[in-house]
Amino acid sequence: MKYKYRRIRDLREDHDFKQEYVAHYLGIKQQQYQRYESGVIEIPLHIAIDLAILYDVSLDYLVGMDKNK
C-alpha cells in the first residue's frame, strides 16, 4: 500500500529543510523519515503531531484534509 503524504515533502521544501534535519527533529533516522515522505509506510500519529508542530499547521492540513494551514 502506498500512502499519500505529499504535503510533508512540500512543507519541508518550503522551509528549506533537509530530510536529515527533520529526522533529527523527530528523533528518527533519515531513512525512516524518507519512507514516511515517500509514502512507503504510514506515519504514526505522534510523528504527525510533531510534524504539525514543526511546520505550525493543523493535522488536517498536514494530511491533505484541509486547504487552510
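Computed quantities for the displayed model
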read-out: Length-normalised contact order of the chain in % [C-alpha pairs under 8 Å, at least 6 apart]; value: 35
read-out: Signed unit charges on C-beta, dipole axis of the chain, positive-most listed residue Tyr33, Tyr21, Val57; value: Tyr33
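Quick note: the coordinates plus some simple rules give every number you see, no bench work behind them. The structure displayed is predicted, hence computed values, not measured ones. Because the Cβ atoms are built from the backbone with ideal geometry, glycine has one as well, and the counts that use them run over all protein chains shown.
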